[in-house]
Amino acid sequence: MFDHLAQGRFIFGISPGALASDAEVLGLDLGMETRNRIFADAIDVILEIWRREPPYDIDLPGNRFKVSTARTWLPELGRGVMYKPFQKPRPEIVGTVVAPHSKGVIAMGERDFHPLSANFLLPHWLPSHWENYSKGKSNVGLKANPADWRVARTIFVADDDRTAERYARGDPASPYRFYWRKLLDNMVRTKRHVVYKLDEREDDSAVTLARLLDKLVICGTPARVADELLALREQAGDFGEIVYAGMDWVDPALARRSMELMAEQVMPRVNRAIAGSGV
C-alpha cells in the first residue's frame with residue numbers, strides 16, 4: 001500500500017533487528033541466530049507473495065511461514081488477494097550493514113538487495129562492506145554498482161564552526177553527545193564495540209566518547225562538512241548516497257538550519273567536486 005501511495009518512491013528497508021528486549025518480548029532466543037533465520041524466512045515469503053498469483057500456496061522447504069488463501073479466495077470480491085507493488089518487479093530493498101567484514105552483506109549482493117552502511121562504525125571499516133557486497137555480486141555473475149551503496153554519517157552543519165562544535169560536541173546538553181554516549185554504552189554492553197576500534201586487537205580502553213565524537217560526528221560550516229564528506233569518499237571508495245543521520249531537535253532552529261545548509265550548500269559543493277574529478 002505504501003508503495004502505491006508513494007507512487008514508486010518507497011524504499012523497503014529491512015533488518016532482523018538487534019534489540020534484545022524485542023526478542024525477549026516475542027519469546028525468542030536473545031542471540032542473533034534465531035532472529036536472522038526468522039528474518040530470512042520472512043523476506044523469502046514476502047518476495048514469493050510478490051512473484052505469485054492467488055491463492056499463492058507458498059510452502060518453501062525449511063521455511064516456517066506457509067501462506068495460502070485457497071480456502072477463502074473469492075476472486076469476484078477481491079478476497080484472498082495481496083496486491084502487487086507499484087514498482088515492478090518490486091521496490092528497491094535496502095539492508096543496514098554494521099559489523100566490519102559483514103557476511104550478511106555478501107548475501108545482500110547475491111540477492112540484489114542494496115547495502116546501507118550504518119553511521120556507527122569508524123570509516124576505515126567501510127571498505128570491508130563494499131568488498132563483501134562486491135563478492136556477493138560476483139558470486140551470481142554480476143558486477144557491483146557503487147550507485148547502489150549508501151553510507152550513513154552523523155552530520156551537523158552550522159553557519160559558523162563555533163556553533164557547530166558547541167552543539168555537536170562540546171555542550172553537555174548536545175543531542176550528539178547524548179546519542180553517542182548511549183551508543184557507546186550499548187555496544188560495549190553487547191560486546192559489539194569493535195566498530196569503534198582502529199583494529200580488532202585494540203585495547204578496549206581506547207574506545208572513548210571523545211573518539212566517537214571526533215571520528216563519527218561530521219560538523220562545521222558547509223565548506224568544512226563538504227571537505228570531510230569528500231575525504232570520507234576517498235577513504236571508503238565511491239558510493240551512491242550519503243545518508244544524513246540527524247539527532248533529536250534539542251534546538252529546533254539549529255537542527256532545521258543544518259538540514260537547509262546540507263541541501264542548499266553542502267551537497268552542491270560535494271557533487272560539483274565529484275563531477276569535476278571525473279571519478
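The values are calculated or read from the model by the stated rules, or taken from the named source; none is laboratory data. The structure presented is a predicted model; accordingly, all values stated were derived computationally and were not measured. Backbone-built Cβ (ideal geometry, glycine too); neighbour counts: all protein chains shown. Calculation scope for accessible area: heavy atoms of the full protein, side chains included, ligands and nucleic acids excluded. Shrake-Rupley method; radii C 1.70, N 1.55, O 1.52, S 1.80 Å.
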Candidate set: segment 42-67, residues that are part of a loop (DSSP other than H, G, I, E, B) and of a type in the set (D, E, K, R); chosen: the one nearest to the chain's Cα centre (by Cα) | R64
Take segment 91-103 and flag every residue that is without any contact (Cβ under 8 Å) to a residue 60 or more places away in the chain and buried (at least 16 other Cβ atoms within 10 Å of the Cβ).
-> V97, S102
Out of the residues in segment 125-147 that are out of contact with any Asp or Glu (no Cβ under 7 Å at 6 or more places or on another chain) and under 27 Å from L261 (Cβ atoms), state the one that is surrounded by the fewest Cβ atoms within 10 Å (Cβ to Cβ).
-> A147
Would you mention how many residues in segment 1-42 are touching a residue at least 60 places away in the same chain (Cβ under 8 Å), among the hydrophobic types (A, V, I, L, M, F, W, C) and open to solvent by 100 Å² or more (accessible area, probe 1.4 Å)?
-> 1
Taking segment 239-258 as the region of interest, how many residues are among the hydrophobic types (A, V, I, L, M, F, W, C), surrounded by fewer than 16 Cβ atoms within 10 Å (Cβ to Cβ) and assigned to a helix (DSSP H, G or I)?
-> 1
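Looking at A23, A70, A18, which is the one that is out of contact with any His (no Cβ under 9 Å at 6 or more places or on another chain), at pLDDT 95 or above and either over 24 Å from E92 (Cα atoms) or assigned to a loop (DSSP other than H, G, I, E, B) (or both)?
A70
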Residue ID - least open to solvent (accessible area, probe 1.4 Å), chosen from residues in segment 201-229 that are in contact (Cβ under 8 Å) with a residue 12 or more places away in the chain and among the basic types (K, R) | R211
What number of residues within segment 165-189 are of a type outside the set (A, V, I, L, M, F, W, C), loosely packed, with under 15 Cβ neighbours inside 10 Å and touching a residue at least 24 places away in the same chain (Cβ under 8 Å)?
-> 1
